[in-house]
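Step one of this worksheet: look at the structure below.
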Number of protein chains: 2
Amino acid sequence: MKKKELQGVKEIARRANVTIATVDRVIHNRAGVSVKTREKITKIIEELNYQPNMLARRLASGKIIKLAVLIPSVTEETEFWDAPLRGIQRAKTEISQYGLQVDSFFFDLSNKQSFIDQANAILESAVDGIVLAPTFIQEARTFAAACNTKGIPYVFIDSTLPDQQNLSYIGPPLFQSGYLAGKLSTYALREKSQLLVVNIATAIESYTYKETEEGFRAYFTDHLKPYPILRVDIHQTDEKSVFRNLQPLFESNPAIDALFVTNSRSFLVARFLEKMNPAPKPLLIGYDLVKENAKYLDNGLIDFLICHQPEDQGYRSIMTLYQFLIFSKAIDKEQYMPIDIVTRENQAFYRN
Amino acid sequence: MKKKELQGVKEIARRANVTIATVDRVIHNRAGVSVKTREKITKIIEELNYQPNMLARRLASGKIIKLAVLIPSVTEETEFWDAPLRGIQRAKTEISQYGLQVDSFFFDLSNKQSFIDQANAILESAVDGIVLAPTFIQEARTFAAACNTKGIPYVFIDSTLPDQQNLSYIGPPLFQSGYLAGKLSTYALREKSQLLVVNIATAIESYTYKETEEGFRAYFTDHLKPYPILRVDIHQTDEKSVFRNLQPLFESNPAIDALFVTNSRSFLVARFLEKMNPAPKPLLIGYDLVKENAKYLDNGLIDFLICHQPEDQGYRSIMTLYQFLIFSKAIDKEQYMPIDIVTRENQAFYRN
DNA sequence: CTGAAAGCGCTTACAG
DNA sequence: CTGAAAGCGCTTACAG
């Protein structure tokens, strides 16, 4: 005699004396429902505190969400990007069956035009969301503006730009990771020590390097340690250029006891140290557990690598867009990664 | 004319010339399928690299998986366990709509009987899987044996026991984290330094402490650094006992330049150092970013905390059982957490 | 403006 | 040992 209570839309439909099709129209705010019916159904939905079953929803709707990823291509020298790509791949595998499609576009870190071209390709392909490494400031701004116009949400990965309408930034807290590097370098300092900050990149003007170096310097300011901090900007990323720039520095500054390389190219500096005769042995801090860095961590030339779980950055970028697009979830505009310290002793267990 | 390819079980059924019911039987290894049919279907499943649609699966099956968690209760003094519990909670929220139920049972770390009682309560409640902190060796063994008999899978969290049939161990690589502590402590060492290992626990005989300390000592052996390493075992976890044990040690050994506390109770040691007059300032390394430790990290009395993402340990424990029970996934018997180094400078970004 | 029906990819009785 | 059918909670044409 007891009527078993129906679930979800069916129960709503029963109470409202309509069919589930009408209920569905109300739930999705679709046109074609009389005001009266709409009100009645809305009320019931509230009464029941109805929560849609997302499983059923995804299953029934054939809709596919298309995401695009625009990041640097992986080369031996920019191996870093292999990790985010793996994370993106993992996210893709996990949720592709829930109606997600991810297309990856790659640009050449030493070629702005390649960024522009790929960005345009994405804009033409009608996507629902974008993961973007905004390496080239102006070009990324232009691209972001285009996305704003089209109403396409985008998240920044690994580095960010100020004053943008990005849905989120997923990457390191730059200033603080530089700050930590400052602290770590103090373990090598003596009375008369000098420090050296090394920037190696074709796009050193990037906001990233400035922030990082400022953090590094702030540590010494905050702690009233007025060691001289030298700086060298190397605009070519080949071994020769690095050697050519570092050699004179080391010759005229024998008291450099700690080196901070502001990106993953610390292995280039390690190679330089290795070849010097006599080999100096300053404390060397770099970024990212790429293969070449791991090698020098192992043989002791690199002391610390600061890492930001790059695989997880990729994974989270995709997941963030997915949560936003499918579940309309509220998203934190800043999703800072932890600042991990990787040494020879713990690197085997690091989740890169 | 082109036949649209069917999805999933339907496509398999079509190719095998059977109905989806039979396909379902094979997928779930249910009895009542001829060897021939089973083989044919299995082959097709492999060919198609079939991945079941979990959405559909969960939607169609009303089944609920019941998991039980048996971990220490959270007190000010065992605050560590708050983090795994949060992770468990997060996993629960994420997948409860996919048919998961998690019940938590807590025991008192200073009361073996409470462990036994809760363990029995779990055994009586008919669960499908168990997350277990095997703090009390003998009692945990007995419980594990009972689970083996009943065929209930269980995973160890945070610490482990040798030679058990646990589905997995999710926790730190103890030896290596001690080893890293050895390395870190060298930053404070001078010519005549002494080191001190401090164990504070009611159950010091635990395998955990031995492993950790061995790792610590191994670092010095491996690197031919024959510093004297003192050791103190404090069997009471109250402040007074800690003070009473440490005081004479520091009075007779003024050259203790580095201290290694083998669990989360490093804040007790920091409190001791704080109150000494004159206050010594050795390098202090402990475990876990619990509130009291964070406080001493901040004011500089603790230098390094080694952490193992306790929140994630909880999350993974649940997810591991879920993957195993729902997807029949193969599970790694060892799931080592990374060995994280937390300092004052990076703690704000640590995912505890 | 509203409804009847098919279907998403599975699972679950039940029938034979 | 195998199949036919109903149903999980939704969405999507299509009909009226």
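The values are calculated or read from the model by the stated rules, or taken from the named source; none is laboratory data. Everything numeric in this text was worked out from a predicted model, so none of it was measured. Counting neighbours? That spans all protein chains shown, and the Cβs are built from the backbone with ideal geometry, glycine included. Accessible surface areas use protein heavy atoms only, side chains included; no ligands, DNA or RNA. Shrake-Rupley method; radii C 1.70, N 1.55, O 1.52, S 1.80 Å.
Could you do me a favour and compute the accessible area per residue for the stretch B:174-307, 1.4 Å probe, result in Å²?
Numbers: 5570 Å² over 134 residues.
Per residue, the stretch B:174-307 has 42 Å² of solvent-accessible surface.
Report, in listed order, any pair from A:291/B:333; B:183/B:225; A:66/B:92 with a Cα-Cα distance greater than 19 Å.
Values: A:291/B:333 27 Å; B:183/B:225 11 Å; A:66/B:92 29 Å.
Flagged as over cut-off: A:291/B:333; A:66/B:92.
Mind listing which trypsin sites (Lys or Arg not before Pro) in the stretch A:136-221 are in a DSSP loop and have 11 or fewer other Cβ atoms within 10 Å?
Values: sites: A:141, A:150, A:183, A:190, A:192, A:210, A:217; in loops: A:190, A:192.
Answer by residue number: A:190, A:192.
Taking 41 Å as R0, compute the FRET efficiency from the Cβ-Cβ separation of residue B:271 and residue A:30 and round it to 0.05.
On the way: r = 64 Å, r/R0 = 1.56.
The pair residue B:271/residue A:30 has a calculated efficiency of 0.05.
Expressed in nm to one decimal, what extension gain is obtained for the pair residue B:141 and residue B:190 from 0.36 nm per residue of sequence separation less their Cα-Cα distance? Write out the running numbers ahead of the final one.
Values: separation 49, 0.36 × 49 = 17.64 nm, distance 4.47 nm.
Stretched out fully, the residue B:141 to residue B:190 stretch lengthens by 13.2 nm.
Rounding to the nearest 20 debye, state how big the charge dipole of chain A is about its Cα centre with +1 on each Lys and Arg Cβ and -1 on each Asp and Glu Cβ. Mind showing how you got there, number by number?
Working: 42 positive and 41 negative charges, 422 e Å.
With only Lys, Arg, Asp and Glu charged at Cβ, the dipole is about 2020 debye.
Place a label point 7 angstrom from the Cα of residue B:239 along the Cα-to-Cβ direction, then list the residues of the stretch B:255-296 whose backbone nitrogen is under 19 Å away.
B:264-280, B:290-296
Between rounded, prolate and oblate, where does the stretch B:165-249 land on the alpha carbon gyration tensor, with a ≥ b ≥ c its root eigenvalues, rounded for a/c under 1.5, else prolate if a/b exceeds b/c?
Numbers: a/c = 2.62, a/b = 1.09, b/c = 2.41.
Because a/c hits 1.5 or more and a/b fails to exceed b/c, the stretch B:165-249 counts as oblate.
For residue B:102, enumerate residues with amide H under 5 Å from its amide H, sequence gap 5+ or separate chain, H modeled in the peptide plane.
B:67
Between residue A:255 and residue A:175, take the C-beta separation as r, use R0 = 22 Å, and let me know the FRET efficiency to the nearest 0.05.
Details: r = 27 Å, r/R0 = 1.22.
Plugging the Cβ-Cβ distance into 1/(1 + (r/R0)^6) gives 0.25.
Accessible area per residue for the stretch A:34-166 in Å², computed with a 1.4 Å probe and the full protein assembly in place, what is it? Working shown, then result.
On the way: 6480 Å² over 133 residues.
In whole numbers, the stretch A:34-166 has 49 Å² accessible per residue.
What number comes out for the charge environment of residue A:236, summing +1 per Lys or Arg and -1 per Asp or Glu over other residues with Cβ under 13 Å away?
Working: positive: A:240, A:244, A:265; negative: A:77, A:233, A:238, A:239.
Here the charged neighbours net out to -1.
Between residue A:49 and residue A:329, take the C-beta separation as r, use R0 = 22 Å, and let me know the FRET efficiency to the nearest 0.05.
On the way: r = 19 Å, r/R0 = 0.84.
Once rounded, the FRET efficiency stands at 0.75.
Per the 1.4 Å probe, what fraction of the accessible area of the stretch A:196-315, in percent, lies on carbon and sulfur atoms?
On the way: 2450 of 4780 Å².
Of all accessible area on the stretch A:196-315, carbon and sulfur atoms account for 51 percent.
Can you send over the carbon and sulfur percentage of the accessible area for the stretch B:8-52, probe radius 1.4 Å, protein chains only? Walk me through the numbers on the way to the answer.
Values: 1490 of 3020 Å².
The nonpolar share, carbon plus sulfur, comes to 49 percent.
Just to check, using Stokes-Einstein with a Kirkwood Rh over alpha carbon pairs, what's the diffusion coefficient of the protein assembly as shown at 37 °C and 0.692 mPa s in µm²/s?
On the way: Rh = 28.9 Å.
In µm²/s, the coefficient is 114.
Just add up the charged neighbours of residue B:256: K/R +1, D/E -1, any other residue whose Cβ is under 12 Å from the Cβ of residue B:256. Working shown, then result.
Numbers: positive: B:190, B:192, B:231, B:281; negative: B:251, B:257.
So the surrounding residues net to +2.
For the stretch B:16-60, list whatever residues lose no less than 50 Å² of accessible surface once every protein chain is in place, relative to that chain by itself, with the probe at 1.4 Å.
Going by heavy-atom accessible area, the residues of the stretch B:16-60 that drop by at least 50 Å² are B:55, B:59.
May I ask for the distance between the Cα centers of the stretch A:1-75 and the stretch B:186-252, given as a whole number of Å?
Result: 61 Å between the Cα centres.
Please compute how much accessible surface disappears when A pairs with B, both sides summed, using a 1.4 Å probe, and round it to the nearest 100 Å².
Values: alone 18060 and 18010 Å², together 32980 Å².
Counting both chains, the buried surface is close to 3100 Å².
Using protein chains only (no ligands, no nucleic acids) and a 1.4 Å probe, work out which residues of the stretch B:328-352 have their accessible area cut by at least 40 Å² relative to the chain alone.
Those are B:338, B:339, B:341, B:345, B:346, B:349, B:351, which lose 40 Å² or more relative to the chain on its own.
Taking the stretch B:1-82, which GluC sites (Glu not before Pro) meet the DSSP loop condition and have no more than 13 other C-beta atoms within 10 Å? Let's see the in-between values first.
Details: sites: B:5, B:11, B:39, B:46, B:47, B:76, B:77, B:79; in loops: B:5.
Here the sparse-neighbourhood loop sites are B:5.
Can you tell me the order of A:114-125, B:306-317 when each peptide is scored by its average per-residue count of other Cβ atoms within 10 angstrom, highest first? Spell out each step's value before the answer.
Numbers: A:114-125: 16.7, B:306-317: 24.3.
Listed from highest to lowest mean packing, they are B:306-317, A:114-125.
Counting Lys and Arg as +1 and Asp and Glu as -1, what is the net charge of the other residues whose Cβ lies under 11 Å from the Cβ of residue B:152?
Details: positive: B:66, B:150; negative: B:128.
Result for the neighbourhood of residue B:152: +1.
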